[in-house]
Amino acid sequence: MYKYDSFDETFVAERSRQFRGQVARRLSGELSEEQFRPLRLMNGVYLQLHAYMLRIAIPYGLLSSTQLRRLAHIARRYDRGYGHITTRQNIQFNWPRLADIPDILDALAEVEMHAVQTSGNCIRNVTADPFAGVAPDEIEDPRVWSEIIRQWSTLHPEFSFLPRKFKIAVTGAPRDRAAIALHDIGLRLRRGADGEIGFEVLVGGGQGRTPMLAKTIRDYVPARDLLSYLEAILHVYNQFGRRDNKYKARIKILVHEIGIDKMRDDVEAAWADMRRDELELAPTIVERIRAHFAPPAYLSDLPHTTPEIELQAKSNEAFAGWLRHNVHDHKQPGYAAVTVSLKPTGGIPGDITAEQMEAVADLADRYGFGELRATHEQNLVFADIPRRDLHDLWRALVAQGLATPNAGLITDIIACPGLDYCALANARSIPLAQQLSDRFADLKRQEDIGDLKIKISGCINACGHHHVGHIGILGVDKKGQELYQITLGGSADENASIGEIVGPGVAPDKVPDAVETIVGVYLARRNAGESFLDAYRRLGAAPFKEALYDRD
């Protein structure tokens, strides 16, 4: 993984020192909360419903075991003993004291972490495929390019005060595991006619109150020209993006209002006028970054399985289910990638305790190469596990409550913190996720239902990605009453779609029954082997609406 150089170390240390002085001025009363707000947001500090919240950057989701142990220390000493993995592949702490945050930032800096650009109207944490570097279908490792974008965008003077927040995602495979169509800029690695690496560039995606899918602005940009083309897009957005209305300030609104063809013309004109050679990525630069992501020292001739593992899988259904759902193919023979589910039955999606963090870090060292990934689906991933060690790893995860075999199933729920924490929320997300997790806990039933993604947001800002849930649930406030709006047919993959609202809001105590009804319609009307999403796209909304709203 990328290692800080002297510039990185100096920058992060200086930022921490600077913020310590700003916090001292706020605590003394020299700065009002209004004056302090832009300063704290530049350092990932939010004021939530009950306390400050600190959001820590995990660039493209990549963590070392050392870093995870430090996060465990922070959770235990400065918070309430846990952290929360977010849909931006970051981690946040919900209960730090403002006076302690400078000490937390110093502790993070010691392990090459920070909270810069996790909030504010800037280019946020770049996200990527959590299986980057190990996925068999990968064209090239997107972490290399994510790191290049991170270095280019960090404190870029022109893009530190954009009209609105700006998010970039990169995928290195035909199968999109990074949700690129839901980002301001989405990048898909591909090979050009000459066989060289380049990018399909999408622009104008986003969720919130006006969900939109990104559109392709250029089919192919050579890798050497990536930064100049991105800079051209940002030039156009910075010049023409709305600054008079924050609800219309995202680049998706600009693309929608002027159209993708006009956007393309403006970007191409800006690109032509640039000194592109100054931003050209020389092969030596790319190779220097790529060296940080060289494959680890894999063992050769490892078995795909062992007699012990086969025996355990036959005799232990819990282990067999975990193998089916949480263990993934790897490009290196004899290895697997493993999803660590942070969605235990009845649990809070994305939460992980300090003790669990330390245990996972130890397991990453024992069975892998000390590396972990945070996913935008609020789980963790071990990237490199010898298949011969899978049973031992599973047993260790069971002991920590981290072996729920539900990756990709109906209880692998995404949910924002909602009204339990967030000052912007209209409704609670966490209790609803817990109820649904309990309702559908039986593994055989989950497997019969198959691939079905539930995503829950407590407000229209859509931090729970409800717009692209196969079943999306949005909390709304109607005259002081919490209700939940249901959408169907959303998807965040390479065939991305925005879900369709199927009817009036549902009372909180009726939501589990409503989801049960939706699942029942699917099971009754699906074709053999047909997934929920495929069935919905074939059937349309009508049978689901009829069952939902005529059942009383």
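Only the coordinates and a few stated rules stand behind these numbers; no lab work does. Here the structure is a predicted model, which means the values were calculated and not measured. Note that each Cβ is placed from the backbone with ideal geometry, even for glycine, and that neighbours are counted across all protein chains shown.
Based on C-alpha coordinates, I'd like the Rg and Dmax of the range 134-292, in Å.
When restricted to Cα atoms, the range 134-292 yields Rg and Dmax of 15.2, 46 Å.
Which percent of the Cα-Cα distances in the range 450-499 go past 16 Å?
Numbers: 438 of 1225 pairs.
Of the Cα pairs, 36 percent sit more than 16 Å apart.
Roughly how far apart, in whole Å, are the Cα centres of the range 252-271 and the range 117-132?
23 Å
Based on a Kirkwood Rh over C-alpha pairs, give the Stokes-Einstein translational diffusion coefficient of the range 414-549 at 4 °C and viscosity 1.567 mPa s in µm²/s. Intermediate results must be reported in sequence, preceding the final value.
On the way: Rh = 14.9 Å.
The calculation lands on 87 µm²/s.
For the chain, calculate the relative contact order in percent as a whole number, restricting contacts to Cα pairs under 8 Å that are 6 or more residues apart. Write down the numbers at each step before the final one.
On the way: 1178 pairs, mean separation 69.7, N = 552.
It comes to 13 percent, rounded to a whole number.
Taking 1 over the mean of 1/r across every pair of different Cα atoms in the range 148-212, what Kirkwood radius in Å do you get?
Numbers: mean 1/r = 0.0757 Å⁻¹.
One over the average 1/r among Cα pairs gives 13.2 Å for the range 148-212.
Ordered by residue, what ³J(HN,Hα) values in Hz, to whole numbers, does the range 334-342 give under the Karplus form 6.51 cos²θ - 1.76 cosθ + 1.60, where θ = phi - 60° and Gly and Pro are x?
Working through the residues one at a time gives x, 10, 9, 9, 10, 7, 9, 6, 9 Hz.
Explain nothing, just compute: Karplus ³J(HN,Hα) = 6.51 cos²θ - 1.76 cosθ + 1.60, θ = phi - 60°, for every residue of the range 369-384 in order, whole Hz, x for Gly and Pro.
Taking θ as phi minus 60°, the curve returns 10, x, 10, 9, 10, 8, 9, 6, 9, 6, 10, 10, 9, 8, 7, 9 Hz for the range 369-384.
For the chain, can you list the cysteines whose C-beta has no other cysteine C-beta under 4.7 Å from it?
Cys122, Cys422, Cys459
Please report the Cα spread of the range 1-50 along all three principal axes, rounded to whole Å, starting with the longest.
Projected onto its principal axes, the Cα set of the range 1-50 covers 38, 23, 15 Å.
Classify the range 44-163 from the C-alpha gyration tensor, please: rounded if a/c falls under 1.5, else prolate or oblate depending on whether a/b exceeds b/c. Don't skip to the end; give the middle numbers.
Details: a/c = 2.06, a/b = 1.36, b/c = 1.51.
Oblate, because a/c is 1.5 or more while a/b does not exceed b/c.
What residues have an amide H closer than 5 Å to that of Ile217, excluding those fewer than 5 places away on the same chain, when H is modeled at 1.01 Å from N in the peptide plane?
Here Val201, Leu202, Val203 satisfy the definition.
Sort Lys252, Lys479 by Cβ crowding within 10 Å, fewest neighbours at the top. Display every interim value, and only then the final one.
Details: Lys252 25, Lys479 5.
Ascending Cβ contact count within 10 Å gives the list Lys479, Lys252.
Would you list His467, His256, His328, His292 from fewest to most Cβ contacts within 10 Å?
Ascending number of Cβ neighbours within 10 Å: His292, His256, His328, His467.
Rounded to the nearest Å, what's the spacing between the alpha carbon centres of the range 187-249 and the range 524-547? Just the number, please.
Cα centroid of the range 187-249 versus Cα centroid of the range 524-547: 34 Å apart.
Got a sec? How would Met274, Met113, Met212 order by Cβ neighbour count within 10 Å, fewest to most?
Placing the least packed residue first, the sequence is Met274, Met212, Met113.
For each pair in Lys343/Lys478; Lys165/Lys246; Lys215/Lys331, compute the distance between the two Cα atoms and list the pairs where it is over 22 Å. Let's see the in-between values first.
Details: Lys343/Lys478 30 Å; Lys165/Lys246 10 Å; Lys215/Lys331 31 Å.
Listed pairs above 22 Å: Lys343/Lys478; Lys215/Lys331.
Sort out for me the Cα centre separation of the range 1-48 from the range 409-465, rounded to whole Å.
Centre-to-centre (Cα) distance: 33 Å.
Match the structure shown to one of the listed values (i) 23.0, 68; (ii) 22.6, 76; (iii) 28.7, 90 of Rg and Dmax of the Cα atoms in Å, computed from it, and give that label.
After the calculation, the listed value that fits is (i).
Give me the one-decimal Kirkwood hydrodynamic radius in Å for the range 74-115, with the sum taken over alpha-carbon pairs.
With all distinct Cα pairs of the range 74-115 included, I get 10.7 Å.
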